[in-house]
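The values are calculated or read from the model by the stated rules, or taken from the named source; none is laboratory data. Computed from a prediction, not measured in an experiment: that's the story for all the values here. Don't worry about glycine lacking a Cβ; one is built from the backbone with ideal geometry, like all the others, and counts go over all protein chains shown.
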């Protein structure tokens, strides 16, 4: 059974120049962004394939499903975002082609233009061989249940590829989360929770029953408050505006990474959503990652050996159609 990390970030090396990320644009100066600090990790972990392979071996990891930091493109003008997404996806395809047994890749999409995003997803999957996409939990402050995003959901369902939802910050709360790194400690899991609620209550999972979303950081607060959602759906009219089933029934359409940072939390996640919905995730190479994620799954209480194998790699092999 392969051990597959489904939450591993990379910026392709050609775009990294010192402490900057530079995306070339045709006939224009490159789009430049600062390289996010790695804190306690060496900067080369974000782009060096050689360093990554050494770290994967040390962590007992067979494969990374690589994805960009998804905050780069959603705030750009559409024409720039489309060009940059194409270049990122081309570069990811080259990384995978050079190491096909160690890497799969998720496409970057210009989600501020859903029609362009759907076209790029199709190109990335059919022409480049990418296995899905990673998107932000909100797009320029808009939740994922906005009807405008339907072309992306329709295309992902048609292509039968998963969508990894990664937090991107909670608009309107940033000023309250400025201290103590609460933007990450609270903001990231909260943003994932809002995204999942929007997909459920907003009817996205109802309209696209075969779509496959997976959520970062153990799904944020979703597993813990799912039954609160059910109670609210029964007690209030607002929750029934679009969906006609209790919210928790839609959890069977979601997957979750294992990044909970604690054995009891991981065991609770497995007991609540089922081990068949959980995949190993580390958040490599950032300081909020867990690089003992293999051991965390192996040591989780209340999980059988067969269920551990599913969480370590079996579920990901099925979701990404990986041959054994």
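Does the range 22-39 hold any residues that are assigned to a loop (DSSP other than H, G, I, E, B) and either under 21 Å from the mean Cα position of the chain (by Cα) or modelled with pLDDT of 75 or more (or both), and which are they? The answer is 26, 27, 35, 36, 37, 38.
Mind listing whichever residues of the range 132-159 are outside any strand (DSSP E or B) and either closer than 11 Å to residue 192 by Cα or touching a residue at least 60 places away in the same chain (Cβ under 8 Å) (or both)?
Within the range 132-159, the subset outside any strand (DSSP E or B) is 132, 137-138, 140-141, 143-159.
Within the range 132-159, 132, 137, 138, 140, 143, 144 qualify.
Of all residues in the range 94-107, which are crowded, with 18+ Cβ neighbours inside 10 Å and either farther than 13 Å from residue 131 by Cα or out of contact with any strand residue (DSSP E or B) (no Cβ under 7 Å at 6 or more places or on another chain) (or both)? The answer is 95, 102. Look at residue 230 and say whether it is over 24 Å from the mean Cα position of the chain (by Cα), under 30 Å from residue 147 (Cβ atoms) and modelled with pLDDT of 95 or more. Considered against the rule, which asks whether it is over 24 Å from the mean Cα position of the chain (by Cα), under 30 Å from residue 147 (Cβ atoms) and modelled with pLDDT of 95 or more, residue 230 comes out as yes.
Here 242, 211 are screened, and the one residue that is in contact with a helix residue (DSSP H, G or I) (Cβ under 6 Å, 6 or more places away or on another chain) and modelled with pLDDT of 95 or more is 211.
Does residue 65 fit the bill of being at pLDDT 95 or above, touching a strand residue (DSSP E or B) at 6+ places or on another chain (Cβ under 6 Å), closer than 29 Å to residue 279 by Cβ and surrounded by 15 or more Cβ atoms within 10 Å (Cβ to Cβ)?
Values: at pLDDT 95 or above: yes; touching a strand residue (DSSP E or B) at 6+ places or on another chain (Cβ under 6 Å): yes; closer than 29 Å to residue 279 by Cβ: yes; surrounded by 15 or more Cβ atoms within 10 Å (Cβ to Cβ): yes.
Yes: the conditions hold for residue 65.
In the set (1) surrounded by fewer than 20 Cβ atoms within 10 Å (Cβ to Cβ); (2) at negative phi; (3) at pLDDT below 95, residue 90 fails one condition alone, (3).
Conditions (1) under 30 Å from residue 312 (Cβ atoms); (2) in a loop (DSSP other than H, G, I, E, B); (3) in contact (Cβ under 8 Å) with a residue 24 or more places away in the chain, marked per residue:
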| position | (1), (2), (3) |
| --- | --- |
| 51 | yes, no, no |
| 54 | yes, no, no |
| 76 | no, yes, yes |
| 83 | no, no, yes |
| 104 | yes, no, yes |
